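All remarks here apply to the structure that follows.
The values are calculated or read from the model by the stated rules, or taken from the named source; none is laboratory data. For clarity, every value in this text was computed on a predicted model and none was experimentally measured. No Cβ is skipped: glycine too gets one built from the backbone with ideal geometry, and neighbour counts run over all protein chains shown. Remember, those area values only see protein heavy atoms, side chains included, never the ligands or the DNA or RNA. Shrake-Rupley method; radii C 1.70, N 1.55, O 1.52, S 1.80 Å.
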Amino acid sequence: MRVIVVEDYAALSQKAASLTADQIRQNPRIVLGLATGSTPLGLYQEWVEMYKQGTLDFSRVRTFNLDEYVGLAPEHEQSYHTYMQQNLFSQVNLRPEHTHIPSAYQADLTQVCKEYDERIEAAGGIDIQILGIGANGHIGFNEPGTDPGIGTHIVQLAETTIQANSRFFARLEEVPGQAVTMGIRTIMKNSRQILLLAYGEEKAEAVRRMIHGDISANLPASYLQLHPSVTVIVEKKAAHLLDEIACGTADALTGR
Ligand code: PGA
């Protein structure tokens, strides 16, 4: 893992944008794996700015999102369909048929999961997978205890995740209890490069265990130690438990 420690959230977003934009320019048909939550918002704003300035083109880019809540209609204001529309898709020239988010509403979810992995494979895998990390070490919605050998699947959200995500809903009871998520296997097997972003004190312990801890289902992000090309951009409050030696700088994402 390469670890880049940055001063603040703006620097994290700018670093993530510059690393990824270089790759998008080099490979206009790139396949991006996208995340939701608070962390990648700044990255998406940076991409939108670059697009508006005419320095980044998404017309041939294809995207696969990590996850979606079960039971929220795509137009629900807290669905990840809506999040992606508002924060990226409607603001750049991504073609709707090039974007993919698991359809977890009124569908045969077992079939949805199977087809999602098949679509990712048919696209040739994911060139850069963007990840956040939960305070409990989840990636996507792969909560502690998840079997790392499974692909896209339906999960029961951890109580701590429901609590954390309730900040986006009017009431705690409105947060769905289940989601469809790419599995650890989907992420590990299909991603050529992984870019994980973390900021805020509440992520510090999970970031420390991801980098220095044992590889264990107790902290799903620790499986990333087994991936050959992971870059972690971490803001200094989220980095304060890291050993000095782990921190360095890297100017580019590289292939395997
Ligand atoms: P956050 O969520 O970006 O909203 O902190 C990250 C995650 O739970 O994976």
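For Ala204, work out the one condition from (1) surrounded by 14 or more Cβ atoms within 10 Å (Cβ to Cβ); (2) out of contact with any Cys (no Cβ under 8 Å at 6 or more places or on another chain); (3) modelled with pLDDT of 95 or more; (4) not in a helix (DSSP H, G or I) it doesn't fulfil.
With respect to (1) surrounded by 14 or more Cβ atoms within 10 Å (Cβ to Cβ); (2) out of contact with any Cys (no Cβ under 8 Å at 6 or more places or on another chain); (3) modelled with pLDDT of 95 or more; (4) not in a helix (DSSP H, G or I), Ala204 is out only on (4).
Can you tell me how many residues in region 120-136 are within 16 Å of the ligand (Cβ to nearest atom) and more than 19 Å from Thr20 (Cα to Cα)?
Residues that pass the stated criteria total 3.
From the list Asp117, Asp57, which one is open to solvent by 40 Å² or more (accessible area, probe 1.4 Å), under 23 Å from Arg192 (Cα atoms) and more than 16 Å from the ligand (Cβ to nearest atom)?
Within the list Asp117, Asp57, the selection yields Asp57.
Name every residue in region 38-54 that is open to solvent by 50 Å² or more (accessible area, probe 1.4 Å), touching a residue at least 12 places away in the same chain (Cβ under 8 Å) and more than 16 Å from Leu94 (Cβ to Cβ), in order of residue number.
Leu41
Looking only at region 1-33, filter to residues that are touching a helix residue (DSSP H, G or I) at 6+ places or on another chain (Cβ under 9 Å), open to solvent by 30 Å² or more (accessible area, probe 1.4 Å) and in a loop (DSSP other than H, G, I, E, B); which one of those is nearest to Met50 (Cα to Cα)?
Asp8
Which numbered condition in (1) surrounded by fewer than 21 Cβ atoms within 10 Å (Cβ to Cβ); (2) at pLDDT below 95 is the only one that Ala104 fails?
(1)
Would you please name the residue that is most open to solvent (accessible area, probe 1.4 Å), looking only at residues in region 167-201 that are in a strand (DSSP E or B) and in contact with a Gly (Cβ under 8 Å, 6 or more places away or on another chain)?
Checking each candidate, the answer is Arg192.
Which condition breaks for Glu143 when tested against (1) under 18 Å from Leu32 (Cβ atoms); (2) touching a Leu at 6+ places or on another chain (Cβ under 8 Å)?
It is condition (1) that Glu143 fails.
Would you mention how many residues in region 147-169 are out of contact with any Asp or Glu (no Cβ under 6 Å at 6 or more places or on another chain), more than 13 Å from the ligand (Cβ to nearest atom) and among the β-branched types (Val, Ile, Thr)?
So the count comes out to 2.
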